[in-house]
Amino acid sequence: MTMTPFPVAQKKPQLLRLHHQDDEASRVELATGLLAEVSSIAPKFLYDALGSRLFAAITELPEYYPTRTEAAIFTTHKAAMAAAIGTGRTLVDLGAGNCEKAANLFDALMPARYVAVDISADYLSDALDFLQFRHPAMDLLGIGIDFSTTFTLPPQADIEDCVVFYPGSSIGNFTPVQAEVFLRQIRAAAKGGGLLIGVDLVKPVSVLEPAYDDALGVTAAFNRNMLTISNRLLDADFNVSDFRHIACFNSRESRIEMHLEALREVTVCWPDVNGASTGKSGRVFHAGERIHTENSYKYTLDHFATLLHVAGYTKIRYWTDPNDWFAVFWADH
Ligand SMILES: C[S@@+](CC[C@H](N)C(=O)[O-])C[C@H]1O[C@@H](n2cnc3c(N)ncnc32)[C@H](O)[C@@H]1O
């Protein structure tokens with residue numbers, strides 16, 4: 001007798017697009033940053049569909065230790081994490097990217113629902129389609145949103161008592177003061193839920209700097225892609241070959257900084273953007289002048305545990321790798 005496999009209902013992921021990178025507010029933010037005395041572009045502008053793919057490529061590089069170190073921590077301590085966290089809860093993945101890290105935890109955490117949040121909505125949509133193919137019966141919700149100014153998810157997210165997952169040390173893109181505010185907002189929004197968060201730790205500069213300036217130049221391309229994004233959003237005329245990628249460790253601030261440095265004097269123009277504070281529509285970058293594009297703060301275990309406490313979490317535990325290069329914290333209550 002031949003057995004007919006029990007049919008599994010194939011669900012479809014739902015996607016809510018609540019942010020559009022090309023809206024007026026984004027253009028004003030971009031222009032205002034570029035025109036500031038020390039020019040800057042916020043790291044969220046690294047992620048269009050190409051930027052998201054370049055980041056995925058970075059995670060494969062030998063120099064980029066965070067992804068594989070964090071993955072090894074999950075592999076080693078998955079069972080202990082599941083015992084601490086419990087199973088069958090909603091898993092809310094902040095900055096989900098290709099959703100791979102969360103998907104690798106599905107067997108241990110057995111989430112009832114998966115809510116993936118990311119500013120790069122087209123990339124997220126493709127990632128969720130692929131994930132649904134592998135998990136046909138799971139409820140998947142994607143939310144295309146910018147959570148950098150305030151962490152507010154729509155009611156459909158229904159995140160009460162959920163597990164918030166924030167891997168990859170993306171928390172390091174905020175200053176410690178901003179990080180505390182963000183952690184408080186997460187805690188308030190998840191009402192009784194917990195936070196599983198990956199945090200990069202202080203380590204030798206000889207390990208840190210190559211991770212953000214790899215030999216193949218993938219991180220350089222990722223950083224310089226911001227100029228292409230700026231051209232598209234602002235109708236600006238940056239020439240990417242006028243700028244080089246810089247990554248350096250600022251030990252006083254305990255952070256890797258990424259910059260784009262002008263190789264020669266460059267004049268960049270774009271049409272006026274309504275509301276940009278100076279009313280200018282372009283600027284001159286002198287040779288050696290930099291656009292600050294990303295910070296990635298490196299914490300000690302004590303400093304980050306204190307930050308979680310100050311943000312209101314009372315039950316905190318963590319797991320690390322044998323070198324103490326990276327930590328995964330579970331913060332609850
Ligand atoms: C460093 S990547 C991490 C991706 C993945 N979670 C991982 O750990 O490999 C940061 C992710 O956060 C998203 N992101 C960055 N800024 C964001 C913002 N302001 N709001 C929402 N998502 C953001 C990016 O699109 C990207 O997918």
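For the chain, the number of Lys pairs with C-alpha atoms closer than 26 Å, counting only pairs eight or more positions apart or on separate chains, is 18.
With helices as the sole contributors, the chain gives -10500 deg cm²/dmol at 222 nm; each DSSP H run of n ≥ 4 counts as -39500 (n - 2.57), and the sum is divided by every residue.
With 10 Å bins beginning at zero, the pair-distance distribution over Cα atoms of region 1-74 amounts to 13, 24, 25, 23, 9, 4, 2, 0 %.
Ordering Pro210, Trp330, Asn225 by the projection of their Cα atoms onto the charge dipole of region 181-333, which places +1 on the Cβ of Lys and Arg and -1 on the Cβ of Asp and Glu, puts Trp330 at the extreme positive end. Kindly provide the pair-distance distribution of the chain built from C-alpha pairs, with 20 Å bins from 0 and whole-percent values in order of increasing distance. Histogramming the chain at 20 Å steps yields 30, 57, 12, 1 percent. Pull out a ≥ b ≥ c, the square roots of the eigenvalues of the alpha-carbon gyration tensor of region 167-241, then state rounded if a/c is under 1.5, prolate if not and a/b is larger than b/c, and oblate in the remaining case. It comes out oblate by the Cα gyration axes. Semi-axes of the equivalent ellipsoid of region 189-300 are 30, 21, 13 Å, computed as sqrt(5λ) over the eigenvalues of the C-alpha gyration tensor in descending order.
Taking N as the residue count of region 22-133, its C-alpha radius of gyration divided by 2.2 N^0.38 Å amounts to 1.30. Count neighbours as other Cβ atoms within 10 Å of each site's Cβ, and list the trypsin sites (Lys or Arg not before Pro) in region 127-230 that are DSSP loop with at most 14 such neighbours. For trypsin sites (Lys or Arg not before Pro) across region 127-230 that sit outside H, G, I, E and B with at most 14 neighbouring Cβ atoms in 10 Å, the list reads Lys191. Taking N as the residue count of region 79-223, its C-alpha radius of gyration divided by 2.2 N^0.38 Å amounts to 1.10.
We did not get these values from a lab; they are worked out from the coordinates using the rules stated. Being a predicted model, the structure only gives us computed values, none of them experimental. Backbone-built Cβ (ideal geometry, glycine too); neighbour counts: all protein chains shown.
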